[in-house]
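What follows is a set of notes on a single structure, which appears directly below.
Just so you know, all these numbers are worked out from the coordinates, no wet-lab data involved. In this text the structure is predicted, and so the values were computed from the model without any measurement. Reconstructed Cβ throughout: ideal geometry from the backbone, glycine too, with neighbour counts over all protein chains shown.
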Amino acid sequence: MGAPLYGDPLSYQQTAAGIAHGNGYVTQLLGRGAPMHTAVHPPLFSMVLAFADLIGIRSADEHRILLALASGVGILCVGLLGRRLTGTTVGLVAAAIAALDPLWIQQSGFLMSESIYLIIVPGASSVGLAVRRQSQLVECGDDRRADKSRGPHSQ
């Protein structure tokens, strides 16, 4: 059994339980008392934990395991981003660095929201890069169509 939760991790856990039980985005002040509506933390991480609660992953240790898996997905996302940027070698090196960096390991054990951002940031960067490259292809395609409409002798 892992260490007991205090501070932010306890708040995330309680907020997730509130969401999963249909009570809304609520938490107890300092882990005690009646649940109150809150806006202390952004909702995404609590929503992820609430979804886990709904599928039967409820304890802090089970959440830690889930977040460790999420960190692994984040490492994969960094590798794919590196590969998309400059090639396979850079992707493998980026994934290796991410896998050895304590940030990727610690956050899931602490039950902190950063473990979700380890997926969101490289994932969003990959999507942004794909959109940028797609828009460049469309622009090139438009130029080629314009050249063809002029005919072979229009210069």
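Of interest is the spacing of the C-alpha centroids, which for the stretch 1-26 and the stretch 27-93 amounts to 13 Å. The helix-based estimate of mean residue ellipticity at 222 nm for the chain, built from -39,500 (n - 2.57) per DSSP H run of four or more residues and divided by its residue count, is -24500 deg cm²/dmol to the nearest 500.
Remark: relative contact order (the stretch 59-150) = 32 percent; criterion is Cα-Cα distance under 8 angstrom and separation of 6 or more residues. Contact order for the chain, expressed relative to its length and based on alpha carbon pairs under 8 Å spaced 6+ residues apart, stands at 19 percent. A Förster radius of 25 Å combined with the Cβ-Cβ distance from Thr86 to Tyr117 puts the calculated FRET efficiency at roughly 0.60. Rounded to the nearest Hz, the phi-derived 3J(HN,Hα) couplings of the stretch 76-89 under the Karplus curve 6.51 cos²θ - 1.76 cosθ + 1.60 (θ = phi - 60°) are 4, 4, 5, x, 5, 5, x, 5, 5, 5, 9, x, 4, 4, where x marks glycine and proline. As a proxy for reagent exposure, Arg133, Arg32 were ordered by neighbouring Cβ count within 10 angstrom, fewest first; the result is Arg32, Arg133. Rounded to the nearest whole angstrom, the semi-axes of the ellipsoid equivalent to the chain, taken from the Cα gyration tensor as √(5λ), stand at 44, 20, 11, largest first. Sorting 89-97, 60-68, 72-80 by average packing, meaning the other beta carbons within 10 Å per residue, from highest down gives 72-80, 60-68, 89-97. With 10 Å bins beginning at zero, the pair-distance distribution over Cα atoms of the stretch 1-57 amounts to 27, 57, 16 %. Close amide-amide hydrogen proximity is noted between Gln28 and Met36, each under 5 Å apart and 5 or more residues distant or on a separate chain (H modeled in the peptide plane; Pro and chain starts excluded).
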